[in-house]
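Enquirer: Below are the structure tokens for one structure; questions will follow.
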Amino acid sequence: MFHYRSPDRIIYDEEYRDRLIRENYADIYAYCFRHLGHRETAEDLTQETFLRFLRNVERYREYGKIKNYLYVIAGNVIRDHYRKPREIPVERDLGAEGEPMPDSDMEYAAERVEIREALVALESPDREIVLLRYYQDLKIKDIAAVMGMPASTVRYRLKTAEKELKRRLEKGGGK
């Protein structure tokens with residue numbers, strides 16, 4: 001079972017804290033980027049995730065993986081971001097120096113758009129499960145911990161979401 005460990009090491013051991021951030025930054029950034037599709041905003045929210053973690057670390061009780069806890073914080077930061085009324089910038093699919101991309105790159109970009117549209121069409125918990133499983137490469141048990149639901153429910157929702165994604169993509173996009 002889980003063993004409780006004090007957050008003292010995170011608070012007082014600067015080298016450990018820096019390593020923890022370095023080891024998890026790319027995964028948390030990728031998670032934020034998958035939700036937002038905009039690099040600068042994803043970077044901002046990733047930094048906010050780590051700031052919230054460090055600001056509230058004294059309340060943290062390590063019962064599982066720190067990375068799972070960071071995903072929970074990142075999910076909250078993303079939800080908070082979407083609650084704020086503002087315009088969300090969209091990245092352009094342009095090559096270096098603002099030139100249009102070659103046809104193969106355009107096809108890849110079109111495929112990415114289709115996948116994103118299909119993902120957006122999923123219900124929020126199902127989309128979250130798919131992102132955590134296939135884009136963040138988490139195991140079912142870790143997704144269950146992040147989502148706060150039983151592993152059997154995660155498995156069921158993942159299978160349902162996979163079928164729905166397949167149906168939408170075969171049909172021609174996220175429609």
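Here, each number is a calculation from the coordinates, and none is a lab measurement. Since this is a predicted model, take the numbers as computed values, not measurements. Using ideal geometry, Cβ is built from the backbone for each residue, glycine included, and neighbour counts are taken over all protein chains shown.
Enquirer: I'm checking a number: the convex hull volume of the Cα atoms of the stretch 8-83, normalised per residue, in Å³. What is it?
Expert: 85
Enquirer: Within a 10 angstrom radius of the beta carbon, how do 171, 84, 67 rank from fewest other beta carbons to most?
Expert: The fewest-first ordering by Cβ neighbours comes to 84, 171, 67.
Enquirer: Let me ask something else. With θ taken as phi - 60° and the coefficients 6.51, -1.76 and 1.60, list the Karplus ³J(HN,Hα) couplings across the stretch 141-154 in order, rounded to whole Hz; mark glycine and proline as x.
Expert: 5, 6, 4, 4, 5, 5, 7, x, 9, x, 4, 4, 5, 4
Enquirer: Using θ = phi - 60° and the Karplus curve 6.51 cos²θ - 1.76 cosθ + 1.60, what whole-Hz ³J(HN,Hα) does each residue of the stretch 24-39 get, with Gly and Pro shown as x?
Expert: Residue by residue, the stretch 24-39 yields 10, 4, 4, 5, 5, 4, 4, 4, 5, 4, 4, 7, 9, x, 9, 4 Hz.
Enquirer: Another one. Among the lysines, select those whose C-alpha is under 18 Å from the C-alpha of residue 166, and discard any that sit fewer than 8 residues away in the same chain.
Expert: 175
Enquirer: Which lysines, if any, have their Cα less than 29 Å from the Cα of residue 65, not counting same-chain residues under 8 positions apart?
Expert: 139, 141, 159
Enquirer: In nanometres, what is the gap between the two model label sites at residue 40 and residue 65, each 7 Å from Cα along Cα-to-Cβ?
Expert: Taking the two extended label points, one gets 3.3 nm.
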